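Input: a single structure, listed below in structure tokens.
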Amino acid sequence: MIKLCYYRNATLNEAAPVTGIDENFAYYDAPVIQTWVHDPYSRGSYSSFGVALNRLIDEKIQYKGLEFRAIFRPVSDRVFFIGEHTATITEVGTMEAAVESAERLAKLFTK
């Protein structure tokens, strides 16, 4: 597809892909693959949870009339969680999700 559509003189490396390494200015002789799960800078991020955790993370509850993800609900009205990982909208991983989570939590204090 690259040769036909973009650059007819391109040479394609047909070597087996290798996993990228965490090193500045790394050079590769083969195609490089990388995943969120193995990226050292995304470990622990919400985007890298597996499907096995989907039910646990996606469970929602009502707390003082507002919807929260059960795992990130307020604790004893003293510990609060905000951020895209706590959002209840479908656009997780976005600025909108981060704002939604903070806005929803702020509603607890304005009632």
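Nothing in this text is a laboratory measurement; each read-out follows from the coordinates by a stated rule. This structure is a prediction, so every number in the text was calculated from the model and none was measured.
Brief remarks on what is shown
- If you wrap the tightest convex hull around every Cα atom of the range 50-109 and split its volume per residue, you get 78 Å³.
- Contour excess over end-to-end distance, with Cα ends at residue 60 and residue 34 and 0.36 nm allotted per residue: 6.2 nm
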